[in-house]
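Enquirer: First the structure, then my questions, so here it is.
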Amino acid sequence: MTIKEAMVLAAGLGTRMRPVTNTMPKPLVKIAGKPMIDYVLDCLKQAGVERAAVNVHHFADQMEAHLKAYDGLDILISDERDALMNNGGGIVKGLTLLGRDTIFVMNADLFWIGEDPGKPSNLDRLAGFFDPERMDMAMLCVRIEDTTGHNGVKDFSMAPDGRLTRYRDDPSNPVVYAGAFAMKPEFLDDAPRDPFNINTYFDKAAARGRLYGMMMDGHWLTVGTPEAIGEAEETIRRFRTSA
């Protein structure tokens with residue numbers, strides 16, 4: 001399966017990144033010379049995505065100008081200038097701009113490096129892994145030792161077949177959610193149109209035995225504070241040197 005559409009969450013205030021985000025939105029902060037959101041958009045484009053909805057709020061004009069100049073994707077703006085919708089409400093609002101086929105959902109400030117260029121990409125593999133007959137959502141997951149900038153929280157435990165349960169309920173095989181998942185939009189048809197956290201639907205899928213995960217290749221980065229920028233750039237340098 002090739003997934004053609006995506007939702008990218010990019011509207012947050014980036015409060016922990018202040019003072020950097022006092023003058024710009026967090027997704028445009030450059031890591032190793034490249035805005036964080038471009039790592040995400042490049043992954044989507046490489047995987048065959050053709051259209052992406054991106055929500056904007058903080059310094060929305062800067063975001064719109066950057067996205068307008070980005071090549072290779074049809075980018076639709078989900079405007080949250082008037083009110084932030086949290087990640088769940090942001091997805092629901094963005095879905096009104098897209099179709100009903102399977103989509104990727106990604107965070108604009110979480111990305112990975114170090115994939116093997118001779119193998120299918122993480123998103124290609126996730127698209128092939130997602131089975132809507134058995135799954136409500138299929139997440140990209142990562143081992144905590146393959147992360148930079150993570151706070152150490154273990155999100156889920158993964159069964160041998162990929163089924164996920166909350167780590168607090170089953171601490172057997174811990175994994176971290178890597179900020180990307182595939183789903184059919186219909187899973188959120190009963191969701192509120194107000195701000196809400198998408199974690200409620202992660203829990204709903206898990207309770208139904210329909211939340212699955214797939215381990216990603218490479219190394220995952222999250223950049224939450226100004227101090228973390230240098231740490232992320234050092235990790236990228238290390239990977240580039242060893243490639």
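Every number in this text was worked out from the coordinates using simple rules, so none of it is lab data. All figures in this text were calculated on a predicted structure; none of them were measured in a lab. Here the Cβ is made from the backbone with ideal geometry for all residues, glycine too, and neighbour counts use every protein chain on show.
Enquirer: For S242 and Q46, calculate 0.36 nm times their separation in residues minus their Cα-Cα distance, and state this gained length in nm to one decimal. Intermediate values should be presented prior to the final figure.
Expert: Working: separation 196, 0.36 × 196 = 70.56 nm, distance 2.26 nm.
Extra length available between S242 and Q46 comes to 68.3 nm.
Enquirer: Evaluate the distance, in nm, between pseudo-label points positioned 7 Å from the Cα of K154 and of M1 along their respective Cα→Cβ axes.
Expert: 3.0 nm
Enquirer: Listing D124, D161 from the residue with the fewest other Cβ atoms within 10 Å to the one with the most, what is the order? Show your work: numbers first, answer last.
Expert: Values: D124 18, D161 7.
By the 10 Å Cβ count, ascending: D161, D124.
Enquirer: Also: Can you give the helix-only mean residue ellipticity at 222 nm for the chain, where every DSSP H stretch with n ≥ 4 adds -39500 (n - 2.57) and the sum goes over all residues, rounded to the nearest 500 deg cm²/dmol? Please report the intermediate quantities before stating the final value.
Expert: On the way: 6 runs with 65 residues, N = 243.
Mean residue ellipticity at 222 nm (helix-derived): -8000 deg cm²/dmol.
Enquirer: Given segment 5-242, what count of lysine pairs have C-alpha atoms under 26 Å apart, with each pair 8 or more places apart or on different chains?
Expert: 21
Enquirer: What is the magnitude of the charge dipole of the chain about its Cα centre, with +1 placed on the Cβ of each Lys and Arg, -1 on the Cβ of each Asp and Glu, and no other charges, expressed in debye to the nearest 20? Mind showing how you got there, number by number?
Expert: Details: 28 positive and 35 negative charges, 51 e Å.
Computed charge dipole of the chain: roughly 240 debye.
Enquirer: Also: Under a point spin-label approximation (7 Å from Cα along Cα-to-Cβ), what is the E186-K34 distance to one decimal in nm?
Expert: 3.6 nm
Enquirer: Out of every Cα-Cα pair in segment 5-242, what percent are more than 21 Å apart? Each step should come with its number before you reach the end.
Expert: Values: 15642 of 28203 pairs.
It works out to 55 percent of all Cα pairs.
Enquirer: Let me ask something else. What distance in nm separates the two pseudo spin-label positions at D194 and D131, each 7 Å out from Cα along the beta-carbon direction?
Expert: 3.9 nm
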